[in-house]
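See below for the structure under consideration.
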Amino acid sequence: MLRMGTRPRPPPDLRQREEGRLLAAVALVEQEEDEEEDSEEGSSGSGGSDSASWAEEGAKATKVPTFDVPYFRYIDEEESEGEGDGQEVWSSSRSLSSIEDDSSSDSVVSDRYVVVSGTPEKILEHLLSVLRLDNHRDDQESTQQTKESEPLLDDFLLTYLVFMSTSDLCQALLGHYCSRRHHQGKDKGKEVLDRKRQVLHLVTQWTTLYRDFLREDEHVKLFMKTLYRFLLDDLYEYPTLEKEQKDLQKLLRLHRRHTAEEYSPHRKSKALSHQLSLKENGLPSRRTQRETREVLCHVYVSMDSYLSVRSLASVVAQGLLQEVAERLDVPLEELVLLAVTYPGEKLLLKPQDRLYSDSLTAVGRLHVCRKDLSEVMNPFTDNAELQQRSARMLSMNTWDVAVTLTNFDWSVFNSIHEQELVYFTFSRHASGGHTVALELLLQRCNEVQLWVMTEVLMCPTLCNRVQLIKKFIKIAAHCKAQRNLNSFFAIVMGLNTAAVSRLSQTWEKVPGKLKKVFLELEMLTDPSLNHKAYRDTFRKTKTPKIPFLPLLLKDITFIHEGNKTFLENLVNFEKLHMIADTVRLIRHCQEDHMGNGMPQKSSPEVQAYVDYLHIIDNQQTLFELSHRLEPRV
């Protein structure tokens, strides 16, 4: 069922009786411009009333299936108007966001469509019919059409993968572009031209929104080439399509440039220089391409702990081993890199072996050990590296640490596309590498939480542990001030874990002023009333900002699992509208209209430390360390 609201229109003229039989049985639909003129002329005479009564009789004799045609109903229509023999009364519904949008723009309820459900083909057909093409028009009708088409177009493009494949969408768009059906009379040429322009406009918006998501899709490559050939053939008959032809040509050139660079022999050197340039200037790319995708390599230095190394997905064994050797201050000649596969087999990696496949799957669990296969370090062994941990962390400025964490998170978050959340929720096991940035930031959030626990529990002296907790409280407060709520949550949750919070002797030494600060920060992570405290604070925070992504994914999952995708063989578009509203939060958080800017200049020393966090991920080991520091009484 496709339900929506609009301003009522006069009944069709007698000359449209054949169309009127079907229209009256199904619903009231928008007429073409020439039909509107005829309708207005006919409504002044008796012909209009005869047409309406004749259409009602036709509705009684016509039975229309409920699964392959759209349904419309006026939102402000009185229920009695729909009560008649042979007619069904369709209940209308509106989303909360739509109501808020209408009230904010001083519009009336009947001035807005709300699509509730329908078949994929009919939703696409309606979407094309309401797209605004005349950008120079500024009349009331044009403004109303824009209000209607823009949210519907965005909802459709963000969520179409839930109910149809990209291949199906390409075929449907080609069908609409080449179709000449429903076009009769003197304005046939204009209607055909408008439909072609509508398809081209939708394709432009689609490719602009999705960017790299589409460039690697073979169906889209073939579709774009085919559409461009059709467009060139139509230029002779429709010369006004020249502007659309130039726009589509630019998209094709961009795609070819992307493909040429992808297979260039200098691809690796270009990707590395690009990454270094971004790091030096603090400028993130909008969307990482396959050759510049980054990963957080977990290189285990013992059975229970690993170094988190930020690197390119194209990294080889020799390059990663050299970075780890420098971080651990161990000669490179003494170390080897192993990959432990899931069956437990240990593979000695050669210097030029790639560590990640094209789908970003690691060759196995990476281990760095000495050539005699002994561990590089042990959390329970006092060595020089462990003794220096506390001193190194305590010497760092808390604001600089927060800035470095925020710069890291922002560089990843700013490359996340709204579509990644849809892929992650609906096709998690077949995302094809489309959720790389999203998964990277989720992984980072978990690592920061474990890092806080590791730093505190690896500190042997009481006074240093107290200083560390004080520092982490300040870092959390700074992250909040820098609008990085992802790292803020991770640090607070790390201090609240059982292994750290049980250290009563340590917490007793923390000054009361900082305890009060921590209590206020802790209240923002309170999950009661569906995280009301966090949501209220986040709503008031200016953009750009980094949200707590696990909670955002939880909201989308609840919408997905609490609402059916299909209702009686019709796409539940109201559910997809709610999902689109939620994922658009990513776009909103990345906006910087006021020039606030997230990246800031960070200390090189702090940067080098944060890029290689030493983390213990074994909860049992963390509890053992906690009980060693303060044994149970």
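The values are calculated or read from the model by the stated rules, or taken from the named source; none is laboratory data. Bear in mind that the values here come from a model prediction, so they are computed numbers and not experimental data. Virtual Cβ from ideal backbone geometry, glycine too; neighbours counted across all protein chains shown. In case anyone asks, the SASA skips ligands and DNA or RNA and just uses the protein heavy atoms, side chains included. Shrake-Rupley method; radii C 1.70, N 1.55, O 1.52, S 1.80 Å.
One residue is enough: does segment 169-188 have a residue meeting the conditions surrounded by fewer than 19 Cβ atoms within 10 Å (Cβ to Cβ), in a helix (DSSP H, G or I), more than 34 Å from the chain's Cα centre (by Cα) and modelled with pLDDT under 90? Yes, segment 169-188 contains a residue that is surrounded by fewer than 19 Cβ atoms within 10 Å (Cβ to Cβ), in a helix (DSSP H, G or I), more than 34 Å from the chain's Cα centre (by Cα) and modelled with pLDDT under 90.
Residues that are within 18 Å of Cys459 (Cβ to Cβ) and of a type in the set (A, V, I, L, M, F, W, C) within segment 490-517 comprise Ile491, Leu495, Ala498, Ala499, Val500, Leu503, Trp507, Val510, Leu514, listed in sequence order. Only a single item in (1) surrounded by 15 or more Cβ atoms within 10 Å (Cβ to Cβ); (2) in contact with a Phe, Trp or Tyr (Cβ under 8 Å, 6 or more places away or on another chain) is not met by His531, and it is number (2).
Residue by residue, here is whether (1) of a type outside the set (Val, Ile, Thr); (2) within 30 Å of Met598 (Cα to Cα) holds:
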{"position": "Ser308", "(1), (2)": "yes, yes"}
{"position": "Ser314", "(1), (2)": "yes, yes"}
{"position": "Leu321", "(1), (2)": "yes, no"}
{"position": "Ala325", "(1), (2)": "yes, no"}
{"position": "Thr341", "(1), (2)": "no, no"}
{"position": "Asp353", "(1), (2)": "yes, no"}
{"position": "Tyr356", "(1), (2)": "yes, no"}
{"position": "Ser395", "(1), (2)": "yes, yes"}
{"position": "Asn407", "(1), (2)": "yes, yes"}
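Of the residues making up segment 440-488, those that are open to solvent by 10 Å² or more (accessible area, probe 1.4 Å), among the charged types (D, E, K, R) and within 16 Å of Thr404 (Cα to Cα) are Lys471, Lys474, Lys480, Arg483.
Determine whether segment 270-290 contains at least one residue that is among the hydrophobic types (A, V, I, L, M, F, W, C), at pLDDT below 50 and more than 25 Å from the chain's Cα centre (by Cα). So far as segment 270-290 goes, yes, one or more of its residues are among the hydrophobic types (A, V, I, L, M, F, W, C), at pLDDT below 50 and more than 25 Å from the chain's Cα centre (by Cα). Only one of the numbered conditions (1) modelled with pLDDT of 60 or more; (2) part of a helix (DSSP H, G or I); (3) open to solvent by less than 50 Å² (accessible area, probe 1.4 Å) is violated by Leu133, and that is (2).
With respect to the conditions (1) in a helix (DSSP H, G or I); (2) open to solvent by 10 Å² or more (accessible area, probe 1.4 Å); (3) within 24 Å of Glu561 (Cα to Cα), His434 falls short on a single one, namely (1).
Might you let me know whether segment 574-591 holds any residue that is more than 27 Å from Asn407 (Cβ to Cβ), open to solvent by 50 Å² or more (accessible area, probe 1.4 Å), modelled with pLDDT of 90 or more and out of contact with any His (no Cβ under 8 Å at 6 or more places or on another chain)? Within segment 574-591, one or more residues are more than 27 Å from Asn407 (Cβ to Cβ), open to solvent by 50 Å² or more (accessible area, probe 1.4 Å), modelled with pLDDT of 90 or more and out of contact with any His (no Cβ under 8 Å at 6 or more places or on another chain). What are the residues in segment 157-168 that are modelled with pLDDT under 90 and among the aliphatic types (A, V, I, L, M), if any? Scanning segment 157-168 gives Leu161, Val162, Met164.
Flag set for Gln600, criterion: open to solvent by 60 Å² or more (accessible area, probe 1.4 Å) and either on the phi > 0 side of the Ramachandran plot or assigned to a loop (DSSP other than H, G, I, E, B) (or both).
Remark: pairs (first residue in segment 507-522, closer than 20 Å to Ser626 by Cβ; second residue of a type in the set (Lys, Arg) and open to solvent by less than 50 Å² (accessible area, probe 1.4 Å); Cβ separation under 7 Å; 6+ apart in sequence or on different chains) = Val510/Lys470. Can you name the residue in segment 489-519 that is farther than 30 Å from Asn618 by Cβ and touching a helix residue (DSSP H, G or I) at 6+ places or on another chain (Cβ under 9 Å) and, of all such residues, is surrounded by the most Cβ atoms within 10 Å (Cβ to Cβ)? Only one residue tops the list, namely Val517. Of the residues Val633, Val571, which is open to solvent by less than 30 Å² (accessible area, probe 1.4 Å) and either in contact with a Pro (Cβ under 7 Å, 6 or more places away or on another chain) or among the β-branched types (Val, Ile, Thr) (or both)? Going through Val633, Val571 in turn, just one is open to solvent by less than 30 Å² (accessible area, probe 1.4 Å) and either in contact with a Pro (Cβ under 7 Å, 6 or more places away or on another chain) or among the β-branched types (Val, Ile, Thr) (or both): Val571.
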